[in-house]
Structure formats: C-alpha cells, structure tokens
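Peer 1: Structure below; questions to follow.
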Amino acid sequence: QVLLVESGGGLVQAGGSLRLSCTASGRTDSNYAMGWFRQIPGKEREFVAAIDGRGIITYYAYSLKGRFTISIDSLKNTVYLQMNSLEPEDTALYSCARGNRPLSDARAYDYWGQGTQVTVSS
C-alpha cells in the first residue's frame, strides 16, 4: 500500500505563485512515475504534468507549459509542482498519483492522493 498526501494549496491572487508538494509513504519505489492532475466540480479530471522516477523525463499539458514545473526528490519520496503566473482558470483540486510511466491518461496510475485545493482570485 502507498499513501500519497498533497500540501501547499491555498488562495492566491492572479499572477501569483504556489508550490505544491506530494509525499509518498508506505511501500515506495523510486522507479515509479508521478503525475499531477486537477479537477473542477462537475468537470472531468484534467492532466497537468508527469515525471519519471529519475526526474529526467517530464510531460506537461500544452496550455500549461512555461507556467508550471514538475520536479521530484527521490530521496524524500516527494514530487513538486511549481505554479507561476496563476490565473483564475487554474482554480481546482490538485491531486498527485503514482504510475509505471509518466502518462497523461489517469487510468495509468494506481495510487492517488486526496488532493489540495488551489483557488486563484482575479
């Protein structure tokens, strides 16, 4: 069993920044990839970014490239999401997940955190 816990969410004004963290506990393995997804109530889950276990290969949603940066610290079993130039449209519940490959498809991940809320005001 693997437990994922996110933190770092909150309220921020448009143009501001936040850094989200996701720490894994239990049976962890640095070979696993990690992904970030977000969801607005009533809408489908949206892919944000993903990274392989070595922190070398990264993928981003096209519209977020340049504003968001994903990174991983294998020794701490923690993945981060640096969010800059935030917009009201970025408001959502952000969740991290573990999978075998850094894919954009949520079905590729087997463990999920409960999420951390990000709210961006105009």
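Peer 1: Using each residue's phi in the range 9-16, evaluate 6.51 cos²θ - 1.76 cosθ + 1.60 at θ = phi - 60° and report the 3J(HN,Hα) Karplus result to the nearest Hz, with x for Gly and Pro.
Peer 2: x, x, 9, 9, 7, 3, x, x
Peer 1: Heavy atoms only, probe 1.4 angstrom, no DNA, RNA or ligands counted: give me Tyr32, Tyr109 ranked by accessible area, highest first. Let's see the in-between values first.
Peer 2: Values: Tyr32 65, Tyr109 15 Å².
Putting Tyr32, Tyr109 in descending order of accessible area: Tyr32, Tyr109.
Peer 1: Could you pull out the longest piece of the chain with no exposed loop trypsin sites (Lys or Arg not before Pro) in it, calling a site exposed if DSSP puts it outside H, G, I, E, B and it has at most 12 other Cβ atoms within 10 Å? Walk me through the numbers before you get to the answer.
Peer 2: Values: sites that count: Arg27, Lys43, Arg54.
It runs 55-122.
Peer 1: May I ask for the Rg/Rh ratio of the range 7-61, computed from Cα atoms with Rh as the Kirkwood radius, given to two decimals?
Peer 2: Looking at the range 7-61, the ratio lands at 1.01.
Peer 1: Provide, as a two-decimal number, the C-alpha radius of gyration of the range 5-122 over 2.2 N^0.38 Å, N being how many residues it has.
Peer 2: Numbers: Rg = 13.2 Å, N = 118, 2.2 N^0.38 = 13.5 Å.
Taking the Cα Rg and dividing by 2.2 N^0.38 Å, one obtains 0.98.
Peer 1: Would you mind checking the range 43-62 for residues with the amide N under 14 Å from a putative spin-label position 7 Å along Cα→C-beta of Lys76?
Peer 2: Counting only backbone N, you get no residues.
Peer 1: If you average the C-alpha positions of the range 52-100 and of the range 1-36 separately, how far apart do those two centres end up, in angstrom?
Peer 2: Distance between centres, Cα-based: 8 Å.
Peer 1: Express in nm, to one decimal, how much length is gained between Lys43 and Ile56 on full extension, taking 0.36 nm for each residue of separation and deducting their alpha carbon distance. Numbers along the way, then the final one.
Peer 2: On the way: separation 13, 0.36 × 13 = 4.68 nm, distance 3.10 nm.
Here the answer is 1.6 nm.
Peer 1: Ok, one more. State in Å² the accessible area per residue of the range 1-110; use a 1.4 Å probe, count heavy atoms of protein chains only, and round to the nearest integer. Before the final figure, lay out each step's value.
Peer 2: On the way: 6230 Å² over 110 residues.
With all protein chains present, the range 1-110 gives 57 Å² per residue.
Peer 1: Ignoring ligands, DNA and RNA, please state the percent of accessible area on the chain from carbon and sulfur, probe 1.4 Å. Mind dumping the intermediate values first?
Peer 2: Numbers: 3240 of 6900 Å².
The computed percentage sits at 47.
Peer 1: For the pair Gln13 and Thr119, how long in nm is the line joining their label points, each one 7 Å along Cα→Cβ?
Peer 2: Here the modelled spin labels are 1.7 nm apart.
The values are calculated or read from the model by the stated rules, or taken from the named source; none is laboratory data. Treat the numbers as computed from the prediction; the structure is a model and nothing was measured. Note that we place each Cβ from the backbone using ideal geometry, even for glycine, and neighbour counts take in every protein chain shown. We work out accessible area using only protein heavy atoms, side chains counted, and drop any ligands, DNA or RNA first. Shrake-Rupley method; radii C 1.70, N 1.55, O 1.52, S 1.80 Å.
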